[in-house]
Amino acid sequence: MMTSRKYWLSGLLVLSSVLLSTLIPGGPIETRSFAHIDPIILGSFNIFLTSLNIGSLLLAYFVWQEQRWSFLASAIFGLSYFFTYTLDLGGLFPISPDAMPLALFSIEIAGTAIALPLTIAAAQAMQDSIQTPIDGRNAIAIDSTATVKWSILMLILAVLAVAIVIFATRSAMAL
């Protein structure tokens, strides 16, 4: 894969994550109430958004490392961002009785606009990787030290994700 595409794709993933993280309910931008939505549905949606957010940061690392699987995952994440924002902008889900604040609208427009080149860049990287022979960077090797470090990181991220989902769901329900 061309080095510049690796940088662009990683950068778009990080930027998408940062934009989405500013929209956590209870923060300064997402102030709408979703108290009328079933807590299970709202919690599930917040799990999806948190996974998308944290997953994008992890995925950026693997794109940087030029792992082939990460290009397909990046395309799926790009589409997920696009559909998440367009569903909200289109008033389809989640629906709130409160008007969408201008800052939220602006960030969602920016996020939608970034999701398209993210998806396209990921698809191009995936196509390039198919045409490139596998080298040592894409080989599977088990390193016990790295496995322990990744396990600790995943545990920390899981705890963080649970805290974010609980906070976001409670804030969205005005609890």
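Residues that are under 20 Å from SER17 (Cβ atoms) and crowded, with 16+ Cβ neighbours inside 10 Å were ranked within the range 95-115; the one that is farthest from the chain's Cα centre (by Cα) is LEU104.
Identify all residues within the range 50-74 that are closer than 22 Å to ILE130 by Cβ and within 11 Å of the chain's Cα centre (by Cα); write none if there are none. Steps first, please.
Step one: of the range 50-74, the residues closer than 22 Å to ILE130 by Cβ are 59-74.
LEU59, ALA60, ALA73, SER74 - these are the residues of the range 50-74 that are closer than 22 Å to ILE130 by Cβ and within 11 Å of the chain's Cα centre (by Cα).
Taking first residues from the range 147-172 that are touching a residue at least 12 places away in the same chain (Cβ under 8 Å) and partners that are of a type in the set (Gly, Ala, Ser) and in a helix (DSSP H, G or I), the Cβ contacts under 6 Å between residues at least 6 apart in sequence or on separate chains come to THR169/GLY43. Residues to consider are ASP88, ASP38; find the one that is loosely packed, with under 14 Cβ neighbours inside 10 Å and under 22 Å from MET173 (Cβ atoms). On inspection, the qualifying residue turns out to be ASP38.
Of the residues ILE29, ILE47, the single one that is more than 30 Å from GLN124 (Cα to Cα) and in contact (Cβ under 8 Å) with a residue 40 or more places away in the chain is ILE29.
Screening VAL148 with (1) surrounded by fewer than 16 Cβ atoms within 10 Å (Cβ to Cβ); (2) modelled with pLDDT of 90 or more gives one miss only, at (2). Of all residues in the range 72-108, those that are within 20 Å of PHE45 (Cβ to Cβ), part of a helix (DSSP H, G or I) and not hydroxyl-bearing (Ser, Thr, Tyr) total 13.
The values are calculated or read from the model by the stated rules, or taken from the named source; none is laboratory data. Remember, it's a predicted structure, so these values are computed and weren't measured experimentally. All Cβ positions, glycine included, derive from the backbone under ideal geometry; neighbour counts span all protein chains shown.
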